[in-house]
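Below is one structure, written out as structure tokens, with a few remarks after it.
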Amino acid sequence: MSALRVGLVGYGGAGRGIHARLLREAGQQVTVVVTRGRAAQVAADWPDAVVEPDVAGLLAHAADLDLVVVASPTGDHVEHTLAALAAGLHVIVDKPLATTADDAELLASRGDGRLTVFHNRRWDTEQVTLQSLLADGALGTVHRFERRWERFRPVPQDRWKENDPLAGGLLLDLGAHLVDSATQLFGPVATVYAELHARSTPAVDDVFLALTHASGVISHLQAGGVVGAPGPRTRVLGDGGAYLVTSFEGEASPFTALDDAYEETRRPGEPTHEGWLVRGAERMPVARVGGGHVELYRAVVDWVVDGGAPPVDPFDAARTARLLDAARLSADEGRVVHMA
């Protein structure tokens with residue numbers, strides 16, 4: 001089959017900066033774009049694409065589309081996704097699927113096998129490498145998983161994500177990734193405890209989550225925009241050792257000194273490493289596994305063309321939304337929330 005014909009809703013940081021870039025890398029063709037202020041960018045990137053001012057205009061081309069990518073602000077996901085599904089199209093929605101669990105479950109129930117969610121962090125090399133390490137049993141029995149998404153940005157960006165306290169903020173944005181990663185690795189969650197603050201923006205920009213999994217593993221998940229000394233990106237503790245990832249996607253961290261020292265002395269033929277297997281003073285590099293986010297879009301192409309299960313089950317995204325709802329309740333009431 002030739003490239004999928006893709007309709008893209010939104011051409012901002014997510015639509016252009018992430019989805020359009022990955023679609024091009026995967027060899028797909030954006031043919032219709034919904035945007036009101038970025039038509040010149042669309043013309044430069046996809047000269048043959050049609051620009052429409054709204055989703056109704058995009059769906060007027062439904063017969064000429066194979067896939068719709070919903071990369072609009074989170075508060076618009078329900079309306080835009082339901083409209084695309086009603087037009088009979090396959091849909092991938094940027095995370096989070098919706099602002100609340102009830103809305104996310106509504107969308108998942110309407111998916112009918114034609115809905116998936118852009119939980120691209122499942123394809124991160126750090127996540128795939130950690131899955132391989134856990135499967136090998138190198139850490140023994142794991143009791144704690146820590147992941148941080150921290151940066152020092154004392155002057156925040158002026159975007160809807162920072163300014164919308166309902167649909168924006170780090171709990172919904174990065175928290176959705178953190179929770180999805182934890183549950184993918186360690187399974188269902190029994191209890192949730194959260195501390196949430198808006199320190200430099202109207203929306204939440206300081207997140208701490210403690211999830212107790214039914215498996216017994218405890219996940220400590222953190223996201224912050226005003227963190228002068230970001231902690232290590234990932235630390236997994238087991239009775240056989242620990243796994244450490246020092247930094248992530250070039251974000252500054254004092255822990256990157258460990259990686260810099262290794263790269264400076266790495267000999268020809270030694271692997272590009274993703275992290276470290278640590279046992280006290282002993283530290284060994286762990287080779288990188290995985291191919292990156294474009295693999296999600298390659299899986300989307302196979303799903304649209306051949307059918308079968310979606311690359312990310314929308315009910316997984318709805319369960320993540322339920323945990324984020326529990327986090328808000330926990331922070332509001334200052335208590336541990338038990339999941340039913």
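So which residues in the range 184-232 are under 21 Å from the mean Cα position of the chain (by Cα), closer than 23 Å to LEU130 by Cβ and not in a strand (DSSP E or B)?
Result: GLN184, LEU185, PHE186, GLY187, PRO188, VAL227, PRO230, GLY231, PRO232.
Here is a check on your reading of the model: is VAL207 modelled with pLDDT under 95, assigned by TED's automatic domain parsing to the domain that holds GLN184 and either buried (at least 18 other Cβ atoms within 10 Å of the Cβ) or farther than 18 Å from TRP276 by Cβ (or both)? Can you show your working first?
Values: modelled with pLDDT under 95: no; assigned by TED's automatic domain parsing to the domain that holds GLN184: yes; either buried (at least 18 other Cβ atoms within 10 Å of the Cβ) or farther than 18 Å from TRP276 by Cβ (or both): yes.
Against the criterion (modelled with pLDDT under 95, assigned by TED's automatic domain parsing to the domain that holds GLN184 and either buried (at least 18 other Cβ atoms within 10 Å of the Cβ) or farther than 18 Å from TRP276 by Cβ (or both)), VAL207 does not qualify.
Return the pairs, sorted by first residue and then second, in which the second residue is surrounded by fewer than 18 Cβ atoms within 10 Å (Cβ to Cβ) and part of a strand (DSSP E or B), the first residue lies in the range 275-292 and is among the aromatic types (Phe, Trp, Tyr), the beta carbons are less than 6 Å apart, and the residues are 6+ apart or on different chains.
TRP276/ARG283
Could you list, in sequence order, all residues of the range 7-28 that are over 12 Å from TYR297 (Cα atoms) and touching a residue at least 12 places away in the same chain (Cβ under 8 Å)?
Within the range 7-28, GLY7, LEU8, VAL9, GLY10, TYR11, GLY12, GLY13, ALA14, GLY15, ARG16 qualify.
Among the residues of the range 179-204, which ones are buried (at least 19 other Cβ atoms within 10 Å of the Cβ), out of contact with any Ser or Thr (no Cβ under 7 Å at 6 or more places or on another chain) and touching a residue at least 60 places away in the same chain (Cβ under 8 Å)?
Of everything in the range 179-204, those that are buried (at least 19 other Cβ atoms within 10 Å of the Cβ), out of contact with any Ser or Thr (no Cβ under 7 Å at 6 or more places or on another chain) and touching a residue at least 60 places away in the same chain (Cβ under 8 Å) turn out to be SER181, LEU196.
Being surrounded by fewer than 21 Cβ atoms within 10 Å (Cβ to Cβ), farther than 17 Å from TYR243 by Cα and of a type in the set (D, E, K, R), is that true of even one residue in the range 165-178?
At the first step, the residues of the range 165-178 found to be surrounded by fewer than 21 Cβ atoms within 10 Å (Cβ to Cβ) are 165-167.
Those still in the list that are farther than 17 Å from TYR243 by Cα too: 165-167.
After this cut, where a residue has to be of a type in the set (D, E, K, R) as well, the list is none.
Taking every residue of the range 165-178 in turn, none turns out to be surrounded by fewer than 21 Cβ atoms within 10 Å (Cβ to Cβ), farther than 17 Å from TYR243 by Cα and of a type in the set (D, E, K, R).
Scan the range 322-339 and give yes if some residue there is of a type in the set (A, V, I, L, M, F, W, C), out of contact with any helix residue (DSSP H, G or I) (no Cβ under 8 Å at 6 or more places or on another chain) and surrounded by 18 or more Cβ atoms within 10 Å (Cβ to Cβ), otherwise no.
Within the range 322-339, one or more residues are of a type in the set (A, V, I, L, M, F, W, C), out of contact with any helix residue (DSSP H, G or I) (no Cβ under 8 Å at 6 or more places or on another chain) and surrounded by 18 or more Cβ atoms within 10 Å (Cβ to Cβ).
Is it the case that the range 44-53 has a residue that's out of contact with any His (no Cβ under 7 Å at 6 or more places or on another chain) and either crowded, with 23+ Cβ neighbours inside 10 Å or not assigned by TED's automatic domain parsing to the domain that holds GLY307 (or both)?
No, there is no match, as no residue in the range 44-53 is out of contact with any His (no Cβ under 7 Å at 6 or more places or on another chain) and either crowded, with 23+ Cβ neighbours inside 10 Å or not assigned by TED's automatic domain parsing to the domain that holds GLY307 (or both).
The values are calculated or read from the model by the stated rules, or taken from the named source; none is laboratory data. None of the values given here were measured: they were computed from a predicted structure. No Cβ is skipped: glycine too gets one built from the backbone with ideal geometry, and neighbour counts run over all protein chains shown.
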